[in-house]
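For reference, the structure is listed below as structure tokens.
The numbers here are math on the coordinates, done by the rules we state, and not lab data. No experiment lies behind these values; they were computed from the predicted model shown. FYI the Cβ positions are ideal-geometry reconstructions off the backbone, even for glycines, and counts take in every protein chain you see.
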Amino acid sequence: MTETLTLRLTIADPFAGLHYSLQDAKNAAVDIRLSDGAPLSFDVPVTLRPDGQLGGTFVRREGPVRRFVYIVLAGSVAEVPEPIRRRAKIDVHDIPAALRVPGAVLEVTLPGRGRDGTPACATVRPLTPWRTVG
């Protein structure tokens, strides 16, 4: 039997007017949402493998250890002169093992903006540590 848990990715300050979505393993946009600027959350179902690693439709891997989830952002906003098509990479391999409990909901808060003021992309570091919320 496969054990599952949920990762709640909350973007604290997304750009109003941009579309945000999860990206699955086939590069398809899933759960597309138009941001109004309020915090935006995605619940990502993941599997907990017997070796303690996370897997599933949304979990990507890089090397033997690194696991991450992509959030895609696309559209046009006044603050950025050209159309945006970016991905934010959220590492999940570093979630503490003690939090990886079947059925748990683990939440992290992410920045919506990079240091330069444009939409956050590439590897995005959380604003808060992972925590259990359910």
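The Cβ shell under 12 Å around Asp24 holds other residues with a net charge of +1, Lys and Arg each +1, Asp and Glu each -1. How many percent of the alpha carbon pairs in region 17-67 exceed a separation of 12 Å? Cα-Cα pairs of region 17-67 separated by over 12 Å account for 70 percent. Counting 0.36 nm for each residue step from Asp94 to Arg125 and taking away their Cα separation leaves a gain of 10.0 nm.
Can you tell me how much longer the chain between Arg60 and Asp116 gets when fully stretched, taken as 0.36 nm per residue apart minus their C-alpha distance, in nm with one decimal? Each step should come with its number before you reach the end.
On the way: separation 56, 0.36 × 56 = 20.16 nm, distance 2.69 nm.
17.5 nm is the gain from fully extending Arg60 to Asp116.
For Lys26 and Thr4, what is the calculated FRET efficiency with R₀ set at 35 Å and r taken between the beta-carbons, to the nearest 0.05?
On the way: r = 20 Å, r/R0 = 0.56.
So the FRET efficiency works out to roughly 0.95.
What is the antiparallel percent of DSSP beta bridges lying wholly in the chain, to the nearest 5?
So the antiparallel bridges amount to about 80 percent of the total.
Here the gap between Val101 and Val133, fully extended at 0.36 nm per residue and compared with their Cα-Cα distance, gives a gain of 10.3 nm. The average projected area of the chain, computed from the convex hull of its Cα atoms over all directions, is 8.2 nm².
Our summary gives region 3-128 a relative contact order of 30 percent, counting only alpha carbon pairs under 8 angstrom and 6 or more residues apart.
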